[in-house]
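Participant: Pasting a structure below so you can have a look.
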Amino acid sequence: MDKAKYIWMDGKLVAWDDAKVHILTHTLHYGNGVFEGTRAYMTENGLAIFKLREHTKRLLNSAKITRIKATYSLEELEAAHIEVLRSNNFTSNVYIRPLIYLGYGIMGLNHVQAPVKTAIAAWQWGSYLGDEGLENGIRVKISSFARNPVSSTMGKAKAAANYLNSQMAKYEALEAGYEEALLLDKDGFIAEGSGECFFIVRDGVLITPPNDTSLESITQATVLDLAREAGIPIERRRITRDEAYIADESFFTGTAAEVTPIKDIDNYIIGDGKRGPVTKQLQDAYFDVVYGRNPKYKHLLTFI
Ligand code: PMP
């Protein structure tokens, strides 16, 4: 990891190597903690966090869903993000990881008695699925694991516990020689990647599933806005695996994954087996937005 100098922990800037927790930290045992993945880009005018408000709102909603009483307000959390970025003097793009977790004090499943703790870490990080993937596409495997069903898991929360499902799917895909997993829901329709939302293009129409069994993705919303603005027809509907196999183009979106083309799913070559024209158009438009090159979207950036 590219260590930074400080991590924000409950109001204090703590040296990176000293940002530690007790072994009986509640979240470590039972998995009830919520987090975000947020990015800051090095724009012409310095470092800027993309959609800080949306990410912070989702963090607080995740806490509400999982019955964790957050101890900091939206405004306080936003200020803490800015503080941790300022204190670290970053020189390139940054990934930010806020975490609300249950600390040391009690054991057992009645989590409401555990102390609520908050931390925000940030470090310099490049592309999640690789620069090569961003340009030429990645290979994806449909997982043997179904996405957590809504009847048992609350997927609107970006909760640590939900990610065991993603981790197992990712492991399986990597072990089979692919770069990312694509999970179906319990009925066999495409849900999402292990940490990304899924899109296809067919006959010029951009199609992405509703967020029934996926996270309410912030990047997916940005890409849909950009597509709407470019006059690309959009459909929000379920996608089957065979429809994905015969798509003209396919890509993943996510804060970490950005807009990553998919060149192959289960060894079916998608389109020409490289980044397609609609994917490239939306990827370019996305990078223009996050790097502050599109004045219409500058209000989504929080300059540090
Ligand atoms: N689905 C899952 C399971 C994720 O972890 C992520 C990453 N946060 C996404 C989708 C994409 O969400 P976003 O665009 O808000 O980063």
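The values are calculated or read from the model by the stated rules, or taken from the named source; none is laboratory data. Keep in mind that this is a model prediction, so the values were computed, not measured. Don't worry about glycine lacking a Cβ; one is built from the backbone with ideal geometry, like all the others, and counts go over all protein chains shown. Areas reflect the complete protein model, heavy atoms only, side chains present, ligands, DNA and RNA absent. Shrake-Rupley method; radii C 1.70, N 1.55, O 1.52, S 1.80 Å.
Participant: Quickly run through region 185-212 and pick out the residues that are open to solvent by 10 Å² or more (accessible area, probe 1.4 Å), touching a residue at least 60 places away in the same chain (Cβ under 8 Å) and within 16 Å of the ligand (Cβ to nearest atom).
Facilitator: 195, 212
Participant: Checking residue 242 against (1) under 21 Å from residue 169 (Cα atoms); (2) away from the ligand (no atom under 16 Å from the Cβ); (3) in a loop (DSSP other than H, G, I, E, B); (4) not basic (Lys, Arg): exactly one of these is not met. Which one?
Facilitator: So residue 242 meets the others, but not (3).
Participant: Sticking with this one: For a quick check of your reading of the model, give me the residue pairs whose first member lies in region 90-116 and is over 19 Å from residue 54 (Cα atoms) and among the small types (Gly, Ala, Ser), whose second is assigned to a strand (DSSP E or B) and open to solvent by 30 Å² or more (accessible area, probe 1.4 Å), with beta-carbon atoms closer than 6 Å and at least 6 apart or on different chains.
Facilitator: 92/42; 92/124; 103/117
Participant: Of the residues that make up region 211-226, is at least one at pLDDT 95 or above, over 14 Å from the mean Cα position of the chain (by Cα) and part of a loop (DSSP other than H, G, I, E, B)?
Facilitator: Scanning region 211-226, I find no residue that is at pLDDT 95 or above, over 14 Å from the mean Cα position of the chain (by Cα) and part of a loop (DSSP other than H, G, I, E, B), so the answer is no.
Participant: What residue, among those in region 12-36 that are in contact with a helix residue (DSSP H, G or I) (Cβ under 8 Å, 6 or more places away or on another chain) and among the small types (Gly, Ala, Ser), is least open to solvent (accessible area, probe 1.4 Å)?
Facilitator: Only one residue fits best here, namely 33.
Participant: Please list, ordered by first then second residue, the pairs with beta carbon atoms under 6 Å, 6 or more apart or interchain, first in region 56-75 and within 19 Å of residue 302 (Cα to Cα), second within 16 Å of the ligand (Cβ to nearest atom) and not aliphatic (A, V, I, L, M).
Facilitator: 59/36; 59/98; 74/56
Participant: Further question: Would you mind telling me which numbered condition in (1) out of contact with any Lys or Arg (no Cβ under 9 Å at 6 or more places or on another chain); (2) open to solvent by 50 Å² or more (accessible area, probe 1.4 Å); (3) hydroxyl-bearing (Ser, Thr, Tyr) residue 71 fails?
Facilitator: (1)
Participant: State yes or no: is residue 218 touching a residue at least 24 places away in the same chain (Cβ under 8 Å) and in contact with a strand residue (DSSP E or B) (Cβ under 7 Å, 6 or more places away or on another chain)?
Facilitator: Numbers: touching a residue at least 24 places away in the same chain (Cβ under 8 Å): yes; in contact with a strand residue (DSSP E or B) (Cβ under 7 Å, 6 or more places away or on another chain): no.
Considered against the rule, which asks whether it is touching a residue at least 24 places away in the same chain (Cβ under 8 Å) and in contact with a strand residue (DSSP E or B) (Cβ under 7 Å, 6 or more places away or on another chain), residue 218 comes out as no.
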